[in-house]
Amino acid sequence: MKITYFYQDESEKEYFSEKLEGFEIEFLKGTIQENSDYKDDKTEIISVFVKSNIGVEEMDKFPNLKLIATRSTGFNHIDLEEAKKRNIAVSNVPAYGENTVAEFAFALLLALSRKIYTAYNNVLERGDFSQKELKGFDLKGKTIGIVGGGNIGKCSIKIAKGFDMNVIVFDVRRDEDFAKKLGFEYVEFDELLQNSDIISLHVPLNPHTQHLINRENISKIKKGTYLINTSRGEVVETVALVEALEKGILAGAGLDVLEEEEFMGEETGLIFDEHPNPEELKNVLANQYLIDHPQVIITPHNAFNTKEAVERIFATTVENIQSFGKGNPVNLVDKS
């Protein structure tokens, strides 16, 4: 079977060439969108990361496509309905970085709570060793609201307990045994917004979670709360986030993801597009506001990116492709 593999790092080529011996592999640097002229009627499997959006146009380029193997847990970048129509299987990496992403969420939180970026910048840019305006706050005793009690959420709960924080959790599915063991409480979403000093988001993006935090409910957030988002940018309505910061509802935010993050650095292309989307333009402008905000820390969708987590992603992707080739597919995404 022929695989077309869209890669970011040169090391991927050596790894997958060795592990997928027996497959014909063509490696293309960058995303599908960055290789927009590429078409191939022999490709049966494509492997991508989250920055490659796969819809009707992309599937048309591979008429013999049988499997889309995404190297991620999330799959909102793939049109599942269209894949189902064409009988194209979609596999993902269900678990690889529970602790990895949870650790990063707390790295963002600590950077905010102890003003680490501001302190470092003062020393780097001005040689300033003054503690003026660098007073932070303890995590101990604070209430953290974990939105999403899945694998990453559970790791976040364990870390929070290590800091001696009070933990409340919102999830549509409740693991009461785990709650009893760790000593936390499940609450309704509005209650979490009203009682959290820190809100940390750990949910997948789907129709139920898109704009979970929005202009209609930001007023329910406890004043002075900090927001951490390492899930997906679209879980938070960007204009609502800006409004919450402007009104002082949120004291700050640590964001590894943004709405319309794929357009960051591509703003002029969006502006001069033949049919520019006003909402996308508004969000890109709002993102720049967030980047410039002194109480907001933004990182480039990097929470997953550790040596160990990437190795787990690669190993599972190899398993997904090999199993599919043998007629015993694993880790298929439910397209129902």
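Restricting the search to region 9-37, which residues are within 21 Å of Pro94 (Cα to Cα) and surrounded by fewer than 16 Cβ atoms within 10 Å (Cβ to Cβ)?
Residue satisfying the conditions is Lys19 alone.
Could you look through region 183-215, keep only residues that are among the aliphatic types (A, V, I, L, M) and under 15 Å from Ile152 (Cα atoms), and pick out the one that is farthest from the chain's Cα centre (by Cα)?
Ile199
Considering only residues that are aromatic (Phe, Trp, Tyr) and assigned to a helix (DSSP H, G or I), look in region 274-323 and name the one that is nearest to Ala111 (Cα to Cα).
Selected residue: Tyr289.
Please find, within region 14-55, the residue that is farthest from Asn305 (Cα to Cα) out of those that are over 24 Å from the mean Cα position of the chain (by Cα) and among the basic types (Lys, Arg).
Once the filter is applied, the top-ranked residue is Lys42.
Restricting attention to region 94-101, does a residue exist that is surrounded by fewer than 19 Cβ atoms within 10 Å (Cβ to Cβ) and at pLDDT 95 or above?
Yes.
Is it the case that Leu270 is at pLDDT below 75, among the aliphatic types (A, V, I, L, M), farther than 20 Å from Leu108 by Cα and assigned to a helix (DSSP H, G or I)?
In short, yes.
To keep it simple, each residue is scored yes or no on (1) within 21 Å of Asn283 (Cα to Cα); (2) surrounded by fewer than 21 Cβ atoms within 10 Å (Cβ to Cβ).
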residue	(1), (2)
Ile198	no, no
Gln210	yes, yes
Asn217	yes, yes
Arg232	yes, no
Glu237	yes, no
Leu245	yes, yes
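Given the criterion out of contact with any helix residue (DSSP H, G or I) (no Cβ under 9 Å at 6 or more places or on another chain), surrounded by 14 or more Cβ atoms within 10 Å (Cβ to Cβ) and more than 23 Å from Arg312 (Cα to Cα), identify the matching residue among Asp79, Asp40.
Result of the check over Asp79, Asp40: Asp40.
Mind listing whichever residues of region 53-67 are modelled with pLDDT of 95 or more and surrounded by 14 or more Cβ atoms within 10 Å (Cβ to Cβ)?
Listed by number, the residues that qualify are Ile54, Gly55, Glu58, Met59, Lys61, Phe62, Leu65, Lys66, Leu67.
The values are calculated or read from the model by the stated rules, or taken from the named source; none is laboratory data. Predicted, not measured: the structure shown is a model, and the values here were computed from it. Cβ sites come from the backbone with ideal geometry, for glycine too, and all protein chains shown count toward neighbours.
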